[in-house]
Amino acid sequence: MTLIKPVKLQPGDKVATISLSWGGAGDEDILWRYEVGKKRLQEEFGLEVIEMPNTLKGSEYLYNHPEKRAEDLMMAFSDSSIKGIFSCIGGDESVRLLPFIDYDVIRNNPKVFIGYSDSTVTHFICQKAGVSSFYGASILAEFAENVQMFDYTKYWVQKTLFDDATIGKIEPSAVWTSEYLPWDEKNRDIQRRVQKNTGYELLQGQGRVQGHLIGGCIESMETLKGTEVWPELKEWKDAILFFETSEDNSSPAYVEYWLRNYGSIGVLQSVRGIIFGKPYDNLYYEEYRSAIKKVVSEELKLVDLPILYNMNFGHTAPMCVLPYGAMAEIDCEEKGFSIIESGVV
């Protein structure tokens with residue numbers, strides 16, 4: 001599967017912020033946090049930041065008008081002066097955008113799109129259009145992190161979106177946090193507490209395997225099965241599949257059900273390796289690991305399929321950036337993970 005790579009971002013570029021799922025960025029009590037994230041994009045990355053017409057219209061309006069969210073996306077891609085698109089935040093129902101998408105607009109105007117969680121929907125939209133996008137930081141969470149951005153997150157945004165060299169080896173973060181501090185302005189100067197990270201864990205596999213990246217938030221992917229953007233089986237072939245779970249803390253039984261479904265439709269038998277993000281708040285760490293091994297190794301007998309666990313992407317901070325379609329490598333002997341090409345041109 002070959003996807004068109006977007007042109008790298010440069011200081012001075014105009015980028016758009018967009019609300020494709022939950023519209024909280026425009027809610028009166030959260031707008032301050034949006035402004036923090038916007039300011040960081042301007043001051044720390046040197047970007048000119050604009051909002052699309054509906055970005056800040058608030059959660060109630062945007063819930064009731066998925067067509068307006070889609071309009072913003074189409075407008076951001078079609079506007080040649082906009083070089084990148086940054087998702088404000090995820091949510092749980094951006095699948096409602098699908099009837100309003102013009103895939104040709106995206107295909108003919110490839111540019112950086114970054115987000116995670118329910119932005120998985122937009123990543124699959126981009127993938128259907130043949131354009132690579134980036135599973136990574138959002139405005140309200142990572143760019144607006146209390147006190148300052150995590151250095152690890154900032155580094156990988158810079159390396160992946162602003163640099164057309166090979167991305168290279170992605171080392172584990174030294175620390176992690178899922179501490180929940182309400183997004184009240186009174187908390188803006190309280191830094192979240194971090195814990196020491198234990199690094200990647202190899203669940204099974206030997207040697208090295210390479211494949212193109214495909215995946216997302218496992219809960220959001222469930223909303224996409226059977227839709228027009230769900231990839232054909234051939235698009236999973238020889239891929240490195242990435243999964244991460246959300247702050248919903250889905251029960252281990254559901255993770256088991258979902259993985260069993262990926263086996264029943266042939267996806268797990270098609271891929272060359274799997275990487276899993278650290279569970280939110282490290283909850284169900286052992287249970288998720290057991291569910292993965294139960295389905296993949298015991299039930300499907302895929303005992304040689306390399307699986308790396310506890311990786312730094314997704315809902316637990318800090319995070320790296322994963323470009324869809326880029327070639328990646330799992331090194332089982334070193335418990336290592338690399339992206340062996342650039343994400344941008």
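The values are calculated or read from the model by the stated rules, or taken from the named source; none is laboratory data. This is a predicted model, so every value here is computed, not measured. Every residue, glycine among them, receives a Cβ derived from its backbone with ideal geometry; neighbour counts consider all protein chains shown. Surface areas here come from the heavy atoms of the whole protein model, side chains and all, with no ligands, DNA or RNA. Shrake-Rupley method; radii C 1.70, N 1.55, O 1.52, S 1.80 Å.
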Seminar exercise, completed: Of all chymotrypsin sites (Phe, Trp or Tyr not before Pro) in the range 135-189, the ones in DSSP coil with at most 13 other Cβ atoms within 10 Å are Tyr180
Exercise. Carbon and sulfur together cover what percent of the accessible area of the range 203-255 at a 1.4 Å probe radius?
Worked result: 44
Exercise. When only alpha-carbon atoms count, how far does the range 74-165 stretch along each of its three principal axes, as whole angstroms with the largest first?
Worked result: 39, 33, 20
For this session: Any aspartates and glutamates with Cα under 17 Å of the Lys335 Cα? List them, leaving off those in the same chain fewer than 8 positions away.
Result: Glu171, Glu201, Asp304
Exercise. So which of Lys83/Lys196; Lys14/Lys128; Lys5/Lys57; Lys14/Lys225; Lys39/Lys196 end up more than 27 Å apart by C-alpha?
Worked result: Lys83/Lys196; Lys5/Lys57; Lys14/Lys225; Lys39/Lys196
Problem set entry | Calculated [θ] (222 nm, deg cm²/dmol) that DSSP helices of n ≥ 4 give over the chain, each run adding -39,500 (n - 2.57) | -7500 deg cm²/dmol
For this session: Over the range 150-257, give the accessible area per residue in Å² for a 1.4 Å probe, as an integer.
Result: 50
Problem set entry | Percent carbon-and-sulfur accessible area, the range 295-345, ignoring ligands, DNA and RNA, probe 1.4 Å | 49
Problem set entry | Tensor-based shape of the range 1-50 (alpha-carbon gyration tensor, a/c under 1.5 rounded, otherwise prolate or oblate) | oblate
Exercise. For the range 192-335, what class follows from the C-alpha gyration tensor (a ≥ b ≥ c being the square roots of its eigenvalues): rounded when a/c is under 1.5, otherwise prolate if a/b is larger than b/c, else oblate?
Worked result: rounded
Exercise. What label, among [x] 23; [y] 8; [z] 14, belongs to percent of Cα pairs over 39 Å apart computed from the structure on display?
Worked result: [y]
Exercise. Expressed as a whole number of Å, what is the distance separating the alpha-carbon centroids of the range 6-29 and the range 158-236?
Worked result: 19
Seminar exercise, completed: For the range 1-93, dividing by residue count, accessible area per residue (probe 1.4 Å) in Å² works out to 42
For this session: Treating only the Cβ atoms of Lys and Arg (+1) and Asp and Glu (-1) as charged, compute the dipole magnitude of the range 153-208 about its Cα centre; round to the nearest 20 debye.
Result: 140
For this session: Give the peptides 190-203, 214-227, 292-305 in descending order of average Cβ contacts within 10 Å, highest first.
Result: 214-227, 292-305, 190-203
